[in-house]
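*Asks:* Structure below; questions to follow.
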Amino acid sequence: MLNYAIKRILLALLILFTVMLAMYAMVFLVPGDPASLALGPRATPELKQQLTERMGLDQPLPVQVYRFFRNALTGDLGYDVWSKRPVFDEIAEVFPKTLILGVAALSWALILGIALGCAAVVYRGTLIDRLLGILSVSVIAVPSFVIAIYALLIFAVWLQWLPAIGAGEAGNLWSQFLALLMPAFAIGAGWVGYLARMVRAAMLEVMGQSHIRTARAFGLPESRVVYKYALRIAIIPAISIIAVGLGSILSSAVFVETVFTRPGIGTLITAAVQKRNYPVVMGTVLVMTAFYLAVVTLADLLIARLDPRVRDVLRS
């Protein structure tokens, strides 16, 4: 188990290193001078030179790469080109808001997806099972930003039940809750289908095992067999899906936060891209990648801890 944990952590660090290298290379692959792109065509040569020096692009490429990696490993992500504030501070202000949105979206998707997956197993082969299958595939096929736009039109414009933009009034929990509903619904809808299909497939595999047949032989109700004995084992594969889902949900927040004008990582990186603010873009992508790798690595270690079959593979 310890060897497996070391390998997974080293793999995550290698991926993070590759992402950092690729991000820095993209600055030089974009056509044109970064300072000129950020300031626009009307900027004077003096301003372009000042911005180039401020971004450290006047140094030789090996020096730039070395400084980028050294500073990133110590938590220094550079400074915002325009506000002069540390990039880490700007990310720290908005990341909790995006994380709350992602957790809220994944939570309701997890509860509903598992419930629908179990219902499909209980009523397998019936019309209910087929309808749930159609519903699951349908919500998977629709992108989150499309759901966000339609939710905005229906619940905010037509029905006027929920606020259209923003994150709610500061200090007003009810207002913040209402402002969270539509973005969380838009992001989590697709994952309801993923989780329902995955839980159904895992449950059908578990239902054929010997301990399930023994429970049925004792005359236990089918609902108890499904929810108490089968789901406990079938939920283990969902842990990795949950970890991947959280990372994907945070990336989906980039579009949804833009649609709802909600402060967060999405609006921060969108504004940075529009202004060619490279330190903010690279810092944001780096933090999101590190968070995603950390969650996936922890999920893999948790699965190896909970599932005896995985532990047996590790010992062999």
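The values are calculated or read from the model by the stated rules, or taken from the named source; none is laboratory data. The model shown is predicted, which means the values in this text are computed figures rather than measured ones. Don't worry about glycine lacking a Cβ; one is built from the backbone with ideal geometry, like all the others, and counts go over all protein chains shown. The protein model used for the area step is the full one, side chains on, heavy atoms only, and it has no ligands, DNA or RNA in it. Shrake-Rupley method; radii C 1.70, N 1.55, O 1.52, S 1.80 Å.
*Asks:* If you check ALA92, ALA43, ALA38, which single one turns out to be at pLDDT below 80, open to solvent by less than 60 Å² (accessible area, probe 1.4 Å) and within 17 Å of VAL280 (Cα to Cα)?
*Replies:* ALA38
*Asks:* Look at GLY190 and say whether it is closer than 22 Å to ALA104 by Cβ and either out of contact with any Phe, Trp or Tyr (no Cβ under 8 Å at 6 or more places or on another chain) or not hydrophobic (A, V, I, L, M, F, W, C) (or both). So that I can check it myself, show each step before the final result.
*Replies:* On the way: closer than 22 Å to ALA104 by Cβ: yes; either out of contact with any Phe, Trp or Tyr (no Cβ under 8 Å at 6 or more places or on another chain) or not hydrophobic (A, V, I, L, M, F, W, C) (or both): yes.
Against the criterion (closer than 22 Å to ALA104 by Cβ and either out of contact with any Phe, Trp or Tyr (no Cβ under 8 Å at 6 or more places or on another chain) or not hydrophobic (A, V, I, L, M, F, W, C) (or both)), GLY190 qualifies.
*Asks:* Still on this model: Take GLY125 and decide whether it is at positive phi and in contact with a Ser or Thr (Cβ under 6 Å, 6 or more places away or on another chain).
*Replies:* Spelling it out, it is not the case that GLY125 is at positive phi and in contact with a Ser or Thr (Cβ under 6 Å, 6 or more places away or on another chain).
*Asks:* Residues that are surrounded by fewer than 16 Cβ atoms within 10 Å (Cβ to Cβ), of a type in the set (Gly, Ala, Ser) and closer than 21 Å to VAL139 by Cα: does the range 228-239 have at least one?
*Replies:* No: the range 228-239 contains no residue that is surrounded by fewer than 16 Cβ atoms within 10 Å (Cβ to Cβ), of a type in the set (Gly, Ala, Ser) and closer than 21 Å to VAL139 by Cα.
*Asks:* In this structure, is ALA179 part of a helix (DSSP H, G or I), among the small types (Gly, Ala, Ser) and either open to solvent by 50 Å² or more (accessible area, probe 1.4 Å) or in contact (Cβ under 8 Å) with a residue 12 or more places away in the chain (or both)?
*Replies:* Answer is yes for this residue.
*Asks:* What tally of residues in the range 272-286 results from selecting those that are open to solvent by 40 Å² or more (accessible area, probe 1.4 Å) and modelled with pLDDT of 80 or more? Can you show your working first?
*Replies:* Here is the first cut: in the range 272-286, the residues open to solvent by 40 Å² or more (accessible area, probe 1.4 Å) are 273-276, 285.
Filter again for modelled with pLDDT of 80 or more, leaving 285.
Residues flagged as open to solvent by 40 Å² or more (accessible area, probe 1.4 Å) and modelled with pLDDT of 80 or more within the range 272-286 amount to 1.
*Asks:* Also: For THR126, state whether it is hydroxyl-bearing (Ser, Thr, Tyr) and buried (at least 16 other Cβ atoms within 10 Å of the Cβ).
*Replies:* Criteria not met by THR126.
*Asks:* Hey, any hits in the range 16-28 for a residue that's modelled with pLDDT of 80 or more and open to solvent by 100 Å² or more (accessible area, probe 1.4 Å)?
*Replies:* yes
*Asks:* Give just the number: which of (1) assigned to a helix (DSSP H, G or I); (2) out of contact with any strand residue (DSSP E or B) (no Cβ under 7 Å at 6 or more places or on another chain) does PRO279 not satisfy?
*Replies:* (2) is the only condition that PRO279 fails.
*Asks:* Could you please find all residues in the range 192-211 being in contact with a helix residue (DSSP H, G or I) (Cβ under 7 Å, 6 or more places away or on another chain), within 15 Å of VAL226 (Cα to Cα) and not aliphatic (A, V, I, L, M)?
*Replies:* Passing the criteria: ARG200, HIS211.
*Asks:* Would you mind finding the one in VAL310, VAL199 that is under 26 Å from LEU112 (Cβ atoms) and either more than 17 Å from the chain's Cα centre (by Cα) or at pLDDT 80 or above (or both)?
*Replies:* VAL199
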